[in-house]
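Only the coordinates and a few stated rules stand behind these numbers; no lab work does. Worth saying up front: this structure is predicted, and the values here are computed from it rather than measured. Here the Cβ is made from the backbone with ideal geometry for all residues, glycine too, and neighbour counts use every protein chain on show.
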């Protein structure tokens with residue numbers, strides 16, 4: 001296994017992915033065992049979670065590593081249990097997703113074999129770049145899924161696009177709020193123009209969802 005992943009990290013990522021995917025497709029997932037659920041919707045949920053949450057966290061991880069930090073995904077057991085409790089208690093009507101996050105600490109860059117020339121001496125600049133990686137990827141995937149929504153009017157691809165667009169916009173919009181400890185607070189603190197360049201498109205797309213787009 002690559003030294004970029006700590007022991008148990010990949011299994012933690014998979015657990016978080018599976019739990020979140022089941023949470024957002026809870027009724028259909030349960031329905032599979034009774035012949036009433038939709039396999040397409042469940043698969044679409046897994047794809048959406050992979051882009052909206054897992055790739056978001058991996059964006060933080062690999063940008064941090066590239067800039068000379070140790071970065072590992074850690075499962076948050078209480079958050080995982082809370083996610084399951086809320087979705088079961090609400091019958092799938094409410095989804096709270098907080099199964100884990102990437103934790104970052106300084107380290108000698110040479111440990112990973114990366115060139116540290118891109119690293120600055122400004123901790124807030126570093127924090128902003130690493131923080132922007134997650135919601136930046138959400139924005140990119142949201143635009144991609146939105147394009148797919150226009151191209152596919154129905155069928156499996158349309159279902160994937162709808163789930164992917166909703167999850168990436170929802171998570172990205174939330175994370176760009178300028179409230180600690182969310183990503184947005186770190187980005188807005190260092191550069192309002194960069195923060196707005198990421199936040200405004202996400203918030204605009206969230207408004208489209210809210211209005212029933």
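Observations on the structure shown:
- Where a label projected 7 Å from the Cα of residue 156 along Cα→Cβ would reach, residues of segment 18-56 with amide N under 15 Å: 38-48
- Between helix 123-151 and the chain: long-axis angle, C-alpha atoms, 0 to 90°, nearest 10: 30
- Here each label is just a point 7 Å from Cα along the line to Cβ, and for residue 125 and residue 105 those points are 2.6 nm apart.
- Taking 0.36 nm per residue of separation and subtracting the Cα-Cα distance, full extension of the segment from residue 78 to residue 140 would add 19.3 nm.
- Histogrammed with a bin width of 10 Å, the alpha carbon distances of the chain distribute as 9, 31, 36, 19, 5, 0 percent, first bin at zero.
- Segments 149-157, 34-42, 15-23 sorted - mean Cβ within 10 Å per residue, highest first: 15-23, 34-42, 149-157
- Segment 135-213 and segment 1-69 have Cα centres spaced 18 Å apart.
- Protection-proxy order for peptides 197-207, 43-53, each taking the mean of Cβ atoms within 10 Å per residue, highest first: 43-53, 197-207
- Degrees between helix 55-66 axis and first principal axis of the chain (Cα, 0 to 90, nearest 10): 10
- Relative to the current alpha-carbon distance between residue 96 and residue 32, full extension at 0.36 nm per residue lengthens the span by 20.8 nm.
- Between 0 and 90°, nearest 10: helix 77-89 axis offset from the chain longest Cα axis: 20
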